[in-house]
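Participant: Have a look at the structure that comes next, please.
The values are calculated or read from the model by the stated rules, or taken from the named source; none is laboratory data. Bear in mind that the values here come from a model prediction, so they are computed numbers and not experimental data. Every residue, glycine among them, receives a Cβ derived from its backbone with ideal geometry; neighbour counts consider all protein chains shown. Accessible surface areas use protein heavy atoms only, side chains included; no ligands, DNA or RNA. Shrake-Rupley method; radii C 1.70, N 1.55, O 1.52, S 1.80 Å.
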Amino acid sequence: MKKPKLIVLQFPGSNCEYETHRAASYYGFESRIVRWNSLDEIDDANAIILPGGFSYQDRVRSGAISSKLPILKKIIMKASSGVPVLGICNGCQILAEAGLIAGVNKGQVEIGMAPNTRDGLPVGFICDWKYLVVKNPKRSVFTQYYDENEVLPIPVNHGEGRFVVSKSVSNELINLASFRYSDHQGVESTSFPINHNGASYGLAAISNVDGNVMGMMPHPERAARLRQIPVSISGEWREKKRQLLSGGSDGVGPSEKLFVGMRDAARETQ
Amino acid sequence: MSLSQSDLAAIRELLQREPTPVEYYIFDAMWSEHCSYKSSKAVLKANLPTQGSEVALGIGEDSGIIRFVRHDGKQYCLAISHESHNHPSQILPIEGAATGVGGVVRDVYCMGADVIGVLNSLHFGISDDPQSVVHTISKNVVLGVSDYANPLGVPVLGGETVYHPSYNDNCLVNVAAIGLIEESKIIHSYVPDNAQTEPYDIILFGKSTDATGFGGASFSSATLDKENDVQNVGAVQVHDPFLKRVLVEAIKTLLRVVDEKKVPIGFKDLGAGGICCATSEIAVGAGMGVEIDLDNVNVALTDLKPEVIACSETQERFCLAVPRWFSGEVLKIFNDEFALPSIYPNAGAAVIGQVIHENRYLVRHRGAVVADLPVSAITTEVTANRVAAPRPISADAVDPAPWSIDQHRSVAERLMGLPNMMSKRFVFRHFDNAVRGDTVVYPGEADSVLVTPIEGCPAAVAVSMDSNLYGKSDPYVSGAYAVAEAVRNVIAVGGRPLCVTDCLNFGNPENPDAFFEFCESVRGIGDASRAFGFIPNEPLPVISGNVSLYNESKTGSAVIPSPVIVVIGRVDDYRKATVMSFPASGLNVIRVGKMYPEFGGTQIQNLVTGLNDVAPQVRFDPESRSNMAIFAAIDQSLVAAAHDISGGGTLGCIFEMCFGLLGNDAFGATLSVRGNAVTELYAENGGYIVAVHPDNLDQFEQLMMSHGVEWTHLGETTDAQSVDLTTDDGQFVINLSSIRDVWNPEL
């Protein structure tokens, strides 16, 4: 079968495009990195990822300037034709500013990505490993192969990762949430330290109403392979990593099902 | 301005006239301690081994380069630069620390390498006063490092945070950057030979030149003085990691074209002294001259004085020497493809001059010649003869008196709450440690962080950055121990040490006491580098470094001798790497190495009085044997966990192995030590604690014996949440949950 074509978009200030490209290639995409001002190069995309970074230095608000670039119009068209679009970290911030998530009221900005807080006070940039619990897996192509309430470890690296949602979306959160922060046994919490950034509803990722666009703050490309997992987390993945460091072999990581789900959805658009 | 009257007299003698303002600032930068190493060069040359069979590029250009691994027919190398940004961080902590990162990564990018990680060594003051500026500085330096490294997209691969009152008036911010490059693609910092026969342009690219960082090199070469605050603030540069990230992507494109078309180029970053230093050095390195027209420089403001355009240290700039036929393509990459002028006002690339065959450094501004120097004048070696005044070093290593069990328990319970023993996660959690996706062992999980930067290749870079607090007791030990510790940290994960870099932070070299400390530390680094080589009959080569003097204020005292060492190593296969935390109960806990009653500068000195002031000596022969033995044991998969002994001694080391990074899921230990209990538990002589599975014990012990190494069987790991100790002073139990709270209150 021909591999679906994935575009990893490079904005000025993106900084996760290469590892995202590598992870996607590993999971069966024909992936390439395309610059923000190469408008014609995304026409043949079967899937699009907006990677992490600090595009336009987070000026105004993170993602705000990138969301006004001409290439975003093309991405919106692609998304409305059913092409899966994933925004990771800064990519999630761009999707929010572009009104692509949550898509309850089409074209409106419904979500703001605000600076991290703990008990209402700023905490700055946070680099950590968190656990996510899967929600509404069948409503989004990205979670379609996970089970409801499945738990996966994943890293977060952001200063502005706090989902703040408008009223129209808050009523829908229970249906549109794709991942929420939890402990390693899947116990959810909206407070620190489990919810390290103060996000509404402990939200780590949200999909659009149509299920083909997802914005997530954690980094699946950094949990794509077993070797990337720390030994300092808890649960089964820690034991797998221990075995790898005892001379085992590298394998898939916790975000395998996310990339495979995206790939299979991309095939449908070929 | 810091040129002395005697410097000015020497310049007049050299030129046979008064220098112009632009020339004045060129000399001000080039003859500063920061650029000229005039106090330190002779000491460094006499002591540090710099040669080695795996050195691809030694000291002399922007980075040193060591061969790393051969994979898929390519020789991969690591380019390393190690710098300080102490004075700027004391004045403007966020900008100072951020531009420290920004400057050191430029040194690596301009070799043609891609930066795969940075490390930082942060030294902060201590004050009980919550209003003290030391707290603001420590907080904002951390913010500055994260403000730069995170947006740039380079992971912070570790480092250290050290607290001592001697840093109250002078924080230290040392940063090292590591880049990956194929040996055949190394780009040099000078004009290539082709410029002898064809026209070469000088291209400046990056941020538009402004007035920031004017006089930065000379400001870093004097003691900080409150009266100069306004001028000093202007001498600090302003960072823009966002723009740098775009530049880095454009540089990658440029270098790809350069490689495809085999274009010979010279590439240099702009640092101290700005355009003048960079463009003169790029030409001088090839024995040629250069002609610059300041009117062609992209500036952020109109009416900047020529000396400001020529010498300001505006960040995020590089210069290139390229054949003229290629200049148009270079401009197109930066100005059109990556659209720099649309991203930052007046940013971009421009041809600002050309290489000339005369021995001249010529600068024009609005049609007039504003500098005209013989190249030899710029490259003149300046030296300053400094005097070292030796001081007595304590050598009276007497055993401490026995302690009561209550005293033992009280000290053990407070040890992990000392500022230098606490978990530093509250600092490094602000640094992205996984961008690029190559991190396989994370900060705090082992003695070195591991990254696998080559797709499909299991070789991992192991890197550690270390310093210590022994310099007040014995500056020689501070240098030797820093190398020894960094080497141990690489070996404890299963790495083979490859090379050393150093950053030497000291007081005013014109003060004979401070200069003695500098000389002694360098002697210690040299001896240790020769002792701990891993290739037979070779030293660990010192391939890059930096000297930061004048770390004292006019009102305060100097920093304690603070040599900071980076050791880079290679783990041949990351799947054999060893981490620090105990993975199970029932494992043998073994100490490799011997402890001595030497307590100068140790952590335990903060908790009890009456201990001697002999710094922990580095005993080169036995430590080298221990290193080889542990390396072999890890290679043969005989070790389940390994951690080096340093600050906090044997007991501190074992507590950390119980905790791991987070202190969750901890294992305890039952231990028995014979001999003087204080020395055995708290001395900080070099050694290792390892956990060995009972099935591997015989083989492990035979290996130690064959290497002629001393080891002590201390006990075993347990499922209990406690460390149970039997000593010559009696028995006591330390509950892990109680010390976990002082070790990491954030948990």
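Participant: Less than 15 Å Cβ to Cβ from A:Gly248, Lys/Arg counted +1 and Asp/Glu -1: what total charge do the surrounding residues give?
Facilitator: +4
Participant: Right, here's the next one. Helix B:21-30 sits at what angle to the longest principal axis of chain B, using alpha carbons and giving 0 to 90 degrees rounded to 10?
Facilitator: Roughly 20 degrees between the two axes.
Participant: If you restrict to DSSP beta bridges whose two residues both lie in the protein assembly as shown, what percentage is antiparallel, to the nearest 5? Display every interim value, and only then the final one.
Facilitator: Values: 128 of 168 bridges.
About 75 percent, rounded to the nearest 5.
Participant: Compute the distance from the alpha-carbon center of region A:202-262 to that of region A:59-114, in whole Å.
Facilitator: 24
Participant: Next question, about the same structure. Normalising by the residue count of chain B, find the relative contact order in percent from Cα pairs under 8 Å and 6+ residues apart.
Facilitator: 15
Participant: Let me ask you something else. On each of the three principal axes of the Cα atoms of region B:96-160, give max minus min coordinate, whole Å, ordered largest first.
Facilitator: Projected onto its principal axes, the Cα set of region B:96-160 covers 47, 17, 16 Å.
Participant: Could you work out Rg/(2.2 N^0.38 Å) for region B:446-524, with Rg from alpha carbons only?
Facilitator: This ratio for region B:446-524 stands at 1.36.
Participant: Here's another thing I want to ask about it. Let me make sure I get this right: for the protein assembly as shown, a, b and c are the square roots of the gyration tensor eigenvalues over alpha carbons, sorted descending. Under 1.5 in a/c it's rounded, otherwise prolate if a/b > b/c, else oblate. Which is it?
Facilitator: It comes out oblate by the Cα gyration axes.
Participant: Kirkwood Rh over Cα pairs of region B:61-186 into Stokes-Einstein at 20 °C, 1.002 mPa s: D in µm²/s?
Facilitator: 142
Participant: Would you mind telling me the antiparallel percentage of the DSSP bridges in region A:5-267, rounded to 5?
Facilitator: Working: 27 of 43 bridges.
Of those bridges, close to 65 percent are antiparallel.
Participant: Now for a different question. Remind me, relative contact order of chain A in percent, using alpha carbon pairs under 8 angstrom and six or more residues apart?
Facilitator: About 20 percent, as a whole number.
Participant: Follow-up. Expressed as an acute angle from 0 to 90° and rounded to the nearest 10, what is the orientation of the C-alpha long axis of helix B:697-706 relative to the principal long axis of chain B?
Facilitator: Between helix and principal axis, roughly 60 degrees.
Participant: Excluding residues fewer than 8 places away in the same chain, name every one of the aspartates and glutamates whose C-alpha is closer than 16 Å to that of A:Lys2.
Facilitator: A:Glu30, A:Asp44, A:Asp264, A:Glu268
Participant: Which residues' amide hydrogens lie under 5 Å from the amide hydrogen of B:Val451, considering only partners 5 or more residues apart or on another chain, with H built in the peptide plane?
Facilitator: B:Val440, B:Val461
Participant: Quickly estimate the mean residue ellipticity at 222 nm for chain A, helices only: each DSSP H run with n ≥ 4 gives -39500 (n - 2.57), and the total goes over all residues, rounded to 500.
Facilitator: The helix contribution divided over chain A gives -6000 deg cm²/dmol.
Participant: If you don't mind, there's one more thing I want to ask. If you count only protein heavy atoms and use a 1.4 Å probe, how large is the accessible surface of B:Lys74, to the nearest 10 Å²?
Facilitator: 80
Participant: With viscosity set to 0.890 mPa s and temperature to 25 °C, compute the Stokes-Einstein D of chain B, Rh being the Kirkwood radius across alpha carbon pairs; µm²/s, no decimals.
Facilitator: 93
Participant: Using only Cα atoms, tell me the angle between helix B:133-152 and the longest principal axis of chain B; keep it within 0 to 90° and round to the nearest 10.
Facilitator: Value to nearest ten degrees: 70.
Participant: Output the pairs from B:Lys424/B:Lys472; B:Lys41/B:Lys139; B:Lys38/B:Lys139 with a Cα-Cα distance over 30 Å in this structure; if there are none, say none.
Facilitator: Details: B:Lys424/B:Lys472 24 Å; B:Lys41/B:Lys139 34 Å; B:Lys38/B:Lys139 34 Å.
Distance filter (> 30 Å) returns B:Lys41/B:Lys139; B:Lys38/B:Lys139.
Participant: Apply the Karplus parameterisation 6.51 cos²θ - 1.76 cosθ + 1.60, with θ equal to phi minus 60°, to every residue of region B:492-509 and state each ³J(HN,Hα) to the nearest whole Hz, in sequence, with x for glycine and proline.
Facilitator: 5, 9, x, x, 9, x, 10, 6, 10, 10, 9, 9, 10, 10, 9, x, 6, x
Participant: In whole Å, how far is the Cα centre of region A:127-159 from that of region B:116-168?
Facilitator: 33
Participant: Give, as a single signed number, the net charge of other residues whose beta carbon lies under 14 Å from the beta carbon of B:Val134, with Lys and Arg counted +1 and Asp and Glu -1.
Facilitator: Surrounding charge for B:Val134 is -2.
Participant: Once you've got the Cα coordinates, tell me which of B:Lys45/B:Lys305; B:Lys244/B:Lys305; B:Lys262/B:Lys576 are over 28 Å apart. Working shown, then result.
Facilitator: On the way: B:Lys45/B:Lys305 39 Å; B:Lys244/B:Lys305 26 Å; B:Lys262/B:Lys576 39 Å.
In this structure, B:Lys45/B:Lys305; B:Lys262/B:Lys576 exceed 28 Å between Cα atoms.
Participant: Follow-up. In debye, nearest 20: dipole of region A:192-270 around its Cα centre with unit charges on the Cβ of K, R (+) and D, E (-)? It would help to have the intermediate numbers written out before the result.
Facilitator: Working: 10 positive and 8 negative charges, 71 e Å.
Here region A:192-270 has a charge dipole of around 340 debye.
Participant: What order, most packed first, do the peptides B:277-290, B:323-336, B:88-101 have when packing is the mean number of other Cβ atoms within 10 Å of each residue?
Facilitator: B:88-101, B:277-290, B:323-336
Participant: Based only on Cα atoms, what mean projected area does the convex hull of region A:125-270 have, in nm²?
Facilitator: Numbers: hull surface 35.8 nm².
Across all orientations, region A:125-270 yields a mean hull projection of 8.9 nm².
Participant: Between region B:325-359 and region B:472-508, how many Å separate their Cα centres?
Facilitator: Taking the Cα centre of each part, region B:325-359 and region B:472-508 sit 42 Å apart.
Participant: For region A:5-267, take every pair of Cα atoms, bin their distances at 5 Å starting from 0, and report each bin as a whole percent.
Facilitator: The percentages, shortest bin first, are 1, 7, 14, 19, 21, 18, 12, 5, 2, 0, 0.
Participant: If you build a Gaussian network model of chain A, linking Cα atoms that sit under 10 Å apart, which residue out of A:Gly186, A:Gly120, A:Gly159 swings the most?
Facilitator: A:Gly120
Participant: Within region A:5-267, count lysine pairs with alpha carbon atoms under 19 angstrom apart where the residues are 8 or more positions apart or belong to different chains.
Facilitator: Number of lysine pairs found: 16.
Participant: Answer with one residue from B:Val440, B:Asn606, B:Leu725: the one whose Cα lies farthest towards the positive end of the charge dipole of chain B, charges on Cβ with Lys, Arg +1 and Asp, Glu -1.
Facilitator: Of the listed residues, the answer is B:Val440.
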